[in-house]
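Data block below; observations after.
The values are calculated or read from the model by the stated rules, or taken from the named source; none is laboratory data. Source: prediction; values computed, not measured. Here the Cβ is made from the backbone with ideal geometry for all residues, glycine too, and neighbour counts use every protein chain on show. Side chains included, ligands, DNA and RNA excluded: accessible areas come from the protein's heavy atoms. Shrake-Rupley method; radii C 1.70, N 1.55, O 1.52, S 1.80 Å.
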Amino acid sequence: MNIKPPASPHLQAGSLAMPLSLKINGRQYNLQLEPRVSLLDALREYTGLTGTKKGCNQGACGACTVLVNGERINSCMTLAMQYAGKEITTIEGLAANGSLDKLQRAFIEHDGFQCGYCTPGQICSALALLMEFEKGMPSAVSPDISAEKFEFSEQEIKERMSGNICRCGAYVGIVDAIRSVMENSAKNQIHETVHFYTGR
Ligand code: FES
Ligand code: FES
């Protein structure tokens with residue numbers, strides 16, 4: 001029996017779909033999208049990259065976090081059309097040559113998840129956190145925002161990861177995983193990461 005797949009909720013009769021080319025994890029995707037399609041839906045429903053998760057779909061949980069030119073965004077809150085010509089990195093783009101990224105390994109080693117639904121967003125957010133630290137960007141709990149460097153404390157990690165909610169409550173493991181990567185990475189390793197994900 002032939003079962004017809006459900007039509008995409010974003011392509012309907014009279015669709016205003018337009019061509020859009022997105023560069024995701026170093027690969028070019030040529031898509032036909034209506035201008036109203038969010039980046040999250042474009043990833044999940046048009047490219048097959050379902051690692052990025054939809055939690056609240058309203059900017060409150062962080063499950064949909066991806067990197068654009070090395071900076072984290074909630075992909076549910078933005079339109080795909082905004083990102084032509086940008087470097088988009090999703091959780092699928094972190095592993096290379098069959099090996100997990102150091103953050104992915106640390107989340108496993110430190111039990112930084114339970115059900116795993118929030119994990120892709122947590123890891124993308126943590127990657128951006130490391131790069132923000134490398135660039136000397138302060139957070140709301142940094143004691144002196146004019147300082148060039150900040151102490152990599154538990155308080156800083158919690159504040160900088162506060163946009164990513166975990167309903168399983170795996171926060172202790174998440175903080176431990178991020179701290180271990182930061183403490184075990186030589187400065188130049190983080191710098192290489194910044195360069196790799198921003199292309200700058
Ligand atoms: S799904 Fe985007 S913030 Fe929750
Ligand atoms: S591991 Fe289940 S929501 Fe975070």
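Odds and ends about this structure:
- Residue match in segment 44-52 (condition: on the phi > 0 side of the Ramachandran plot and touching a residue at least 12 places away in the same chain (Cβ under 8 Å)): no
- Candidates in segment 38-76 are the residues that are in contact with a helix residue (DSSP H, G or I) (Cβ under 7 Å, 6 or more places away or on another chain) and among the small types (Gly, Ala, Ser); of these, the one that is surrounded by the most Cβ atoms within 10 Å (Cβ to Cβ) is Ser75.
- Filtered residues of segment 139-156 (kept if hydrophobic (A, V, I, L, M, F, W, C) and open to solvent by less than 100 Å² (accessible area, probe 1.4 Å)): Ala140, Val141, Ala147, Phe150, Phe152
- Residue within segment 52-59 that is more than 13 Å from Asn164 (Cβ to Cβ), more than 16 Å from ligand 2 (Cβ to nearest atom) and of a type in the set (Lys, Arg) present: no
- Test for Ala80: is it in the same structural domain as Ala126 (by TED's automatic domain parsing) and either free of Cβ contacts under 8 Å to residues at least 12 places away in the same chain or among the aliphatic types (A, V, I, L, M) (or both): no
- Residue match in segment 33-50 (condition: aromatic (Phe, Trp, Tyr), modelled with pLDDT of 95 or more and assigned by TED's automatic domain parsing to the domain that holds Ile165): no
- So Asn164, is it of a type outside the set (Val, Ile, Thr), within 16 Å of ligand 2 (Cβ to nearest atom) and either at pLDDT below 95 or surrounded by 22 or more Cβ atoms within 10 Å (Cβ to Cβ) (or both): yes
- Pick from segment 60-111, criterion of a type in the set (Asp, Glu) and assigned to a strand (DSSP E or B), ranking: nearest to Glu45 (Cα to Cα): Glu87
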